[in-house]
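One structure is given below, encoded as structure tokens.
The values are calculated or read from the model by the stated rules, or taken from the named source; none is laboratory data. Quick caveat: nothing in here was measured; it's all calculated off a predicted structure. Counting neighbours? That spans all protein chains shown, and the Cβs are built from the backbone with ideal geometry, glycine included. Please note that ligands, DNA and RNA were not included when accessible areas were found on the heavy atoms of the full protein model with its side chains. Shrake-Rupley method; radii C 1.70, N 1.55, O 1.52, S 1.80 Å.
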Amino acid sequence: MDETLFTSQPIHWLAENDKNDKIVPANILDWLLELGSMTKRFEQHSQQVTVIPYLERYVSQDKLSADEVQSLPESPRYWVREVVMYGDGIPWLLGRTIIPEETLTDDDQQLVDIGRMPLGRYLFSRESLTRDYIHIGFCANRWVRSSRLRLSNKPLLLTEIFLPESPAYR
């Protein structure tokens, strides 16, 4: 995708048994393995968390990375949303959400219209939310995590790059 916020450099994913504080500093690991809402976690470290959407549109499968294709079922198209999340006006995180069109049914169709609402505020208000996994990696000296989540048992993929000013690095 030409206009992506995400780096063209590859993400180096850690093996499952490397998710420990010998490989990843303990303070960062705690952030990367957060099971709750990252929005709420950021709110504990700032007065105001805001999101600025950079990209919101449907794309075909050929616009996804190989990792993304492998993580999601085949679909005629996918909703892609890329945002910058700020804490008190400082960029803390790049987020990329990919949602197969088939996930966007009933109330969850609202996901294409959340605009400046943090994704976590929507997702973690739903009782039907589950998480299949969290993968941890790094790219361009930044820590990254990717989670496959399910709303009413329908998948979506969320990848988050922690920017240098993020409280995860403190």
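Step by step: first the residues of region 79-116, then only those that are part of a loop (DSSP other than H, G, I, E, B) and either among the polar types (S, T, N, Q) or touching a Leu at 6+ places or on another chain (Cβ under 7 Å) (or both), then the one that is most open to solvent (accessible area, probe 1.4 Å). Which residue is that?
105
Determine whether residue 128 is among the hydroxyl-bearing types (Ser, Thr, Tyr) and surrounded by fewer than 18 Cβ atoms within 10 Å (Cβ to Cβ).
For residue 128, the condition - among the hydroxyl-bearing types (Ser, Thr, Tyr) and surrounded by fewer than 18 Cβ atoms within 10 Å (Cβ to Cβ) - is met.
Can you name every residue in region 44-78 that is touching a residue at least 40 places away in the same chain (Cβ under 8 Å), part of a helix (DSSP H, G or I) and more than 14 Å from the chain's Cα centre (by Cα)?
Of everything in region 44-78, just one residue is touching a residue at least 40 places away in the same chain (Cβ under 8 Å), part of a helix (DSSP H, G or I) and more than 14 Å from the chain's Cα centre (by Cα), namely 63.
Could you check region 40-77 and list, in sequence order, the residues that are closer than 17 Å to residue 115 by Cα and hydroxyl-bearing (Ser, Thr, Tyr)?
50, 54, 58
Inside region 38-78, can you point out the residues that are out of contact with any strand residue (DSSP E or B) (no Cβ under 6 Å at 6 or more places or on another chain), open to solvent by 90 Å² or more (accessible area, probe 1.4 Å) and under 27 Å from residue 9 (Cβ atoms)?
62, 63, 70, 74 - these are the residues of region 38-78 that are out of contact with any strand residue (DSSP E or B) (no Cβ under 6 Å at 6 or more places or on another chain), open to solvent by 90 Å² or more (accessible area, probe 1.4 Å) and under 27 Å from residue 9 (Cβ atoms).
Can you name the number of the only condition in (1) over 19 Å from residue 130 (Cα atoms); (2) part of a loop (DSSP other than H, G, I, E, B) that residue 34 fails?
If we test residue 34 against (1) over 19 Å from residue 130 (Cα atoms); (2) part of a loop (DSSP other than H, G, I, E, B), just (1) comes out false.
Report yes if residue 29 is in contact with a strand residue (DSSP E or B) (Cβ under 6 Å, 6 or more places away or on another chain), farther than 18 Å from residue 94 by Cβ, open to solvent by less than 50 Å² (accessible area, probe 1.4 Å) and at pLDDT 90 or above, otherwise no.
no
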